[in-house]
Amino acid sequence: MTARNPLPGYAALFIAIAALPLLGVYPIFVMKVLCYALFACAFNLLIGYTGLLSFGHAAFLGTAAYVAGHALKVWGLPAPLGVLLGAACAGAMGLLFGLLAIKRAGIYFSMITLALSQMLFFVFLQASFTGGEDGLQSVPRGSLLGLDLTQDLTLFYVVLGIFIAAFWLIYRTVHSPFGQVLTSIRENEPRAISLGYDVDRFKLVAFVLSATLAGLAGATKTLVLGFATLTDAIWTTSGLVILMTLVGGMGTMIGPMVGALIIIALENKIGDLGQALANLTGIAWFNGLGESVSLVTGLIFIVCVLAFRRGVVGEAWALWEKLRAPRAS
């Protein structure tokens with residue numbers, strides 16, 4: 001039985017996303033979700049298809065966020081150049097990190113990426129161009145090919161276009177011969193070595209590509225929100241993207257998008273949910289739920305690990321295949 005072409009489904013999904021602002025959904029919220037979804041998709045390319053767990057991916061998000069913000073605010077570069085410069089600097093940082101960490105495996109690789117990320121965090125904390133604890137504020141959006149990006153709706157479609165282009169790049173990478181080699185490295189690295197592949201070089205290229213796309217997400221987020229802060233580069237953001245990927249479904253194309261939506265929606269709407277529950281049940285404790293986002297996301301992570309090992313999308317796909325099996329036979 002031949003596999004179905006997923007591209008029409010992806011096209012329908014993006015058309016639905018494009019219609020959200022027209023249906024009354026706040027464009028800034030959707031753009032924020034898209035930025036973090038791109039961040040999660042970039043991370044998923046590394047862990048889901050290459051088998052490398054990085055604890056320092058926030059370094060690339062933060063690097064691009066600060067560089068793009070500085071380029072737009074201080075140097076006055078056009079929005080496209082600022083975003084591309086941020087992504088390029090994140091890619092260069094990924095190359096540096098990769099050269100130092102890629103020859104290590106397992107937890108040693110993960111801890112090296114965490115250590116390097118924390119070192120970079122303290123550089124951002126002390127550097128003058130980042131604004132320190134105050135962050136880089138009031139970053140202008142500028143324009144793109146005559147389009148006024150200060151209009152939320154205009155910027156929304158630009159951000160959606162950036163996401164679609166990056167998603168297509170990830171899709172083509174995963175389904176290319178290069179992507180098949182990455183999958184073979186994830187499944188059986190000694191076998192890949194025995195076949196003559198230079199696995200360190202393949203892993204380094206995947207790491208740099210993932211870092212560049214994560215940087216593109218960080219630069220775009222700065223353009224959307226108008227600021228870059230230390231939160232973009234702190235280790236908890238690296239943990240957040242791991243959570244998004246695992247909740248949505250590691251090793252799937254759509255999973256990181258779903259995970260980003262769940263986590264960002266919780267962060268933004270959990271206060272309203274707590275107030276509604278308090279009004280409904282009369283339990284005042286729910287009013288403080290908005291201050292317990294970490295508690296709720298931690299509980300979601302525990303539930304996913306115990307009951308949904310393949311994530312939301314992975315489990316949904318497995319259930320769909322199970323339901324289709326009798327008809328297929």
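The values are calculated or read from the model by the stated rules, or taken from the named source; none is laboratory data. Because the structure is a prediction, the values reported are computed rather than measured. Positions of Cβ are backbone-derived with ideal geometry, glycine not excepted, and every protein chain shown enters the neighbour counts.
Annotations for the structure displayed:
- Meets criteria (hydrophobic (A, V, I, L, M, F, W, C) and assigned to a helix (DSSP H, G or I)) for LEU52: no
- Meets criteria (assigned to a helix (DSSP H, G or I), in contact (Cβ under 8 Å) with a residue 24 or more places away in the chain and farther than 20 Å from LEU223 by Cα) for LEU120: yes
Okay, residues lined up against (1) farther than 18 Å from GLY248 by Cβ; (2) surrounded by fewer than 23 Cβ atoms within 10 Å (Cβ to Cβ):
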site	(1), (2)
PRO21	yes, yes
PHE29	no, yes
ALA40	no, no
LEU61	no, no
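- Condition check for LEU99: surrounded by fewer than 14 Cβ atoms within 10 Å (Cβ to Cβ), touching a residue at least 24 places away in the same chain (Cβ under 8 Å) and either out of contact with any Leu (no Cβ under 6 Å at 6 or more places or on another chain) or assigned to a helix (DSSP H, G or I) (or both): yes
- Lone unmet requirement of (1) more than 19 Å from SER54 (Cβ to Cβ); (2) assigned to a helix (DSSP H, G or I) for VAL139: (2)
- Given (1) assigned to a helix (DSSP H, G or I); (2) over 16 Å from CYS35 (Cα atoms); (3) modelled with pLDDT under 95, number of the condition LEU85 does not satisfy: (3)
- Given (1) without any contact (Cβ under 8 Å) to a residue 12 or more places away in the chain; (2) more than 17 Å from THR222 (Cα to Cα); (3) in a helix (DSSP H, G or I), number of the condition ARG104 does not satisfy: (3)
- Once segment 156-184 is narrowed to residues that are free of Cβ contacts under 8 Å to residues at least 60 places away in the same chain, in a helix (DSSP H, G or I) and of a type outside the set (A, V, I, L, M), the residue that is nearest to GLY226 (Cα to Cα) is GLY161.
- Criterion violated by THR130 - all others in (1) in contact with a strand residue (DSSP E or B) (Cβ under 9 Å, 6 or more places away or on another chain); (2) assigned to a helix (DSSP H, G or I); (3) hydroxyl-bearing (Ser, Thr, Tyr) satisfied: (2)
- Check on LYS73, over 16 Å from ALA42 (Cβ atoms), among the basic types (Lys, Arg) and out of contact with any Pro (no Cβ under 8 Å at 6 or more places or on another chain): no
- Considering residues of segment 176-193 that are surrounded by fewer than 12 Cβ atoms within 10 Å (Cβ to Cβ) and charged (D, E, K, R) only, the residue nearest to the chain's Cα centre (by Cα): GLU187
Matching residues to (1) of a type outside the set (A, V, I, L, M); (2) in contact with an Asp or Glu (Cβ under 9 Å, 6 or more places away or on another chain); (3) more than 30 Å from PRO27 (Cα to Cα); (4) surrounded by 12 or more Cβ atoms within 10 Å (Cβ to Cβ):
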{"position": "PHE129", "(1), (2), (3), (4)": "yes, no, no, yes"}
{"position": "ARG141", "(1), (2), (3), (4)": "yes, yes, no, yes"}
{"position": "VAL159", "(1), (2), (3), (4)": "no, no, no, yes"}
{"position": "PHE167", "(1), (2), (3), (4)": "yes, no, no, yes"}
{"position": "TYR171", "(1), (2), (3), (4)": "yes, no, no, yes"}
